[in-house]
Every structure is written in structure tokens, then in C-alpha cells.
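Taken together, the values in this text are just the output of simple stated rules run on the coordinates, not laboratory data. Model, not experiment: these values are computed from the prediction. Positions of Cβ are backbone-derived with ideal geometry, glycine not excepted, and every protein chain shown enters the neighbour counts.
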Amino acid sequence: MKKAFHVARTGRPGPVVVDIPKDVSFKKATYSGYPQTVEMRSYNPVKKGHSGQIRKALQLLLSAKRPYIYTGGGVLLANACQELRTLVDMLGYPVTHTLMGLGAYPASDKKYLGMLGMHGTIEANNAMQNCDVLLAVGARFDDRVVGNPKHFMSVERKIIHIDIDPSSISKRVKVDVPIVGDVKDVLTELIAMIKETTAQPDEGALAQWWTQIEAWRSRDCLQFNRHNKEVIKPQYGSIPCST
């Protein structure tokens, strides 16, 4: 049972099946105490990311003309919200979340483009399709986000993927810089490298990228007619009851 809880709560958290044979459940045994620690040779998640890969990621991020930061539930599971916010604020790059990653970065900040995917905003999805360097953090490139992987990969871009689960990396979309490790630890090391380097993002290219993003955002895709009382608007969220 100790091993089951260890597997469920570490690495990429998830359900674990404990199969107890019927004859065992019918027997009685002397309680010998619950183990304080657990060691499993077959299960040992990597927490620290490869420094060489993180440095490659930094070089790509700083040379990007149209960068984008795509985050998922892995940021929240790793308690890495503050590290994500520090990274985004240092670079000044646009950021988006999947549904499971909502809340990792303040939605009130202008660098946040809203949720992406089939239920996301125009600016978030267009930035995803038109970026030249994509940093994926704790996300899995599911079909709600990329659609058909063949179509998604038809656009040339460099992809950096940070995830503690190695099976999630290049599972649906081939990445250029894979980084296996705990999101919090990897982002902390990436932030430290940014502070040490003298290289800076291309301000001119970044300004043009933000101009394009603001043009998409100006379409205000979540707006709807709030004054039409003749039809029910799902966007409104609730209909007042009349007596």
C-alpha cells in the first residue's frame, strides 16, 4: 500500500490499482507497522532536468522571433506557478493554458492570451499555429489543442517540451528539445540561466509579434450580444427566474 501511494503521488500523479487476491483478504495477520520509506528499483522518476538540454532551450527561446509559452496541468501539480510567472515576466512572452492549467498564470495579465484549443480564444490558437518557438510546460499536446498532429507539424517551428513523464514527450508531436524532469526544478534552473546570460530577446521582432497578437485579440472573440432578451445565450451563464 505504501508503494501504491508513492506511485500515485509522485512523478506524474495518477490512479494506481491495488489487486488483493480473495484468499489474502480472507486471512488475518499480525500488524507489523506501516513503512516510513519506500524504495522501488522499477520506479524512480527523474526530477532534475538535463542542464545541457535546458541550455539548448534557453538559446532557442532567446533567438525566437515569435515565441509562445504553452502550459498545462503539470505546472499546477508541480506547484510551479510562481516559477512560471517569473519566467514569463522576465521574457515578456505570450502565454496560454490548457483547461487543466487554468490559474497557473494570472488571467488579468496582458501577456495571457486566454485558454487555447477548440474552446479557446482566437488569439491563443492563432499564436499557437504561427509561433516559431514553442515552450510546452507540463502539457501533453492533446487533440483539443493541436487537432490533427500531421496538420500541426506541417508548420515549421521549434518545440521545447518539459515534463516529468518521459512517455508524454514526443508522444503525439515530435519535439526538438525534450527535457524530462520536475517542472518546478527545470523552470528554476532555466530562470537562473536567464539571469546569468547577457543575451536578450529580439525586442524588435517581439514587438511585431505582439502587434500581430493584439490584432487577433481586438476581434474580441468572447463578446456576445447581452441585450437580446428574445433568445437564450449560453455565454450569459444563467437566466434570472421570474415569478
Give the residue, chosen from Val46, Val24, that is over 25 Å from Trp210 (Cα atoms), in contact (Cβ under 8 Å) with a residue 12 or more places away in the chain, surrounded by fewer than 19 Cβ atoms within 10 Å (Cβ to Cβ) and not small (Gly, Ala, Ser).
-> Val46
Which numbered condition Asp185 fails, given (1) surrounded by 21 or more Cβ atoms within 10 Å (Cβ to Cβ); (2) within 15 Å of the chain's Cα centre (by Cα); (3) farther than 22 Å from Arg219 by Cα = (1)
Only one of these conditions is not met by Ser170: (1) farther than 30 Å from Tyr43 by Cα; (2) among the polar types (S, T, N, Q); (3) surrounded by fewer than 19 Cβ atoms within 10 Å (Cβ to Cβ). Which number is it?
-> (1)
Is it the case that the range 5-19 has a residue that's at negative phi, surrounded by 20 or more Cβ atoms within 10 Å (Cβ to Cβ) and in contact with a helix residue (DSSP H, G or I) (Cβ under 8 Å, 6 or more places away or on another chain)?
-> no
With respect to Asn130, is the statement that it is in contact with a Phe, Trp or Tyr (Cβ under 6 Å, 6 or more places away or on another chain), within 18 Å of Ala205 (Cα to Cα) and not small (Gly, Ala, Ser) true?
-> no
Ile159 meets each of (1) buried (at least 20 other Cβ atoms within 10 Å of the Cβ); (2) more than 30 Å from Asn44 (Cβ to Cβ); (3) not acidic (Asp, Glu) with one exception, condition (2)
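From the list Leu206, Leu190, Leu222, exactly one residue is more than 30 Å from Gly11 (Cβ to Cβ) and surrounded by 16 or more Cβ atoms within 10 Å (Cβ to Cβ). Which is it?
Values: Leu190 fails: more than 30 Å from Gly11 (Cβ to Cβ); Leu222 fails: surrounded by 16 or more Cβ atoms within 10 Å (Cβ to Cβ).
Going through Leu206, Leu190, Leu222 in turn, just one is more than 30 Å from Gly11 (Cβ to Cβ) and surrounded by 16 or more Cβ atoms within 10 Å (Cβ to Cβ): Leu206.
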Scan the helices (runs of 4 or more DSSP H) fully inside the range 1-114 and keep the ones with 3 or more residues being under 23 Å from the mean Cα position of the chain (by Cα).
-> 2-9, 51-63, 73-77, 81-91
The lone exception for Asp165 - which of (1) surrounded by fewer than 19 Cβ atoms within 10 Å (Cβ to Cβ); (2) farther than 24 Å from Gly14 by Cβ; (3) of a type in the set (Asp, Glu) it fails = (2)
Hits in the range 126-156 (condition: in contact with a Gly (Cβ under 7 Å, 6 or more places away or on another chain) and either surrounded by fewer than 14 Cβ atoms within 10 Å (Cβ to Cβ) or over 23 Å from Gln82 (Cβ atoms) (or both)) = Arg144, Val145
